[in-house]
Amino acid sequence: MSQRVDRVNELLRREISSCIEKHLEFPGVLVTVHAVETATDLKNASVYIGVVGSADQGRAALSTLRAKRGFIQGEVMKRVVLRNTPLLNFKLDESVERGVRIIDLLDDIGEINLPDTPDELTSKL
């Protein structure tokens, strides 16, 4: 990906995050913008949203963002001047939850007493 698209992605991420913080409320839920991936022609942008809360709250927050897409896009484009205004597509980013699950699984494995050498393992089989 080009450096220009990387800079546009980061700029959009900051501005979308700022717009959400200033203009939208999600009671009892923390909504963050994890990343923005803009197409090379700058016509579409995927906005990855992280939600700290229940799955239902995450779906509700995502639906609110999708409903307010035009407003968010308008506010962001007042501050970010581009030839083509990318169409924002909000997506739920579950990478944090997956990471937590993996860490929990690794912790569970760590609690199991594994043999120190492969010979001890084969002798127990």
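None of the figures in this text is laboratory data; all of them are computed from the coordinates on show. Since the model is a prediction, treat every value here as computed from it, not as a measurement. For neighbour counting, all protein chains shown are included, and Cβ atoms are generated from backbone atoms with ideal geometry for every residue, glycine included.
Each residue of the stretch 19-35 was assigned a 3J(HN,Hα) from its phi angle through the Karplus curve 6.51 cos²θ - 1.76 cosθ + 1.60 (θ = phi - 60°); the sequence is 5, 4, 5, 7, 10, 10, 10, 10, x, x, 9, 9, 10, 10, 9, 7, 7 Hz, with glycine and proline shown as x.
With contacts defined as alpha carbon pairs under 8 Å and 6 or more residues apart, what's the relative contact order of the stretch 3-94 in percent? For the stretch 3-94, the relative contact order is 33 percent.
Sites listed here are trypsin sites (Lys or Arg not before Pro) in the stretch 1-83 whose DSSP assignment is loop and whose Cβ has at most 13 other Cβ atoms within 10 Å: Lys43, Arg83.
Between His34 and Arg14, the distance separating the two model label sites (each 7 Å from Cα on the Cα→Cβ line) works out to 2.2 nm.
Taking every DSSP helix (H) stretch of at least 4 residues in the chain, weighting each as -39,500 (n - 2.57) and dividing the sum by the residue count yields a mean residue ellipticity at 222 nm of -17500 deg cm²/dmol. Between Val5 and Lys43, full extension at 0.36 nm per residue minus the direct alpha carbon distance yields a gain of 12.5 nm. Percentage of Cα-Cα pair distances in the chain greater than 23 Å, rounded to whole percent? Percentage above 23 Å: 45.
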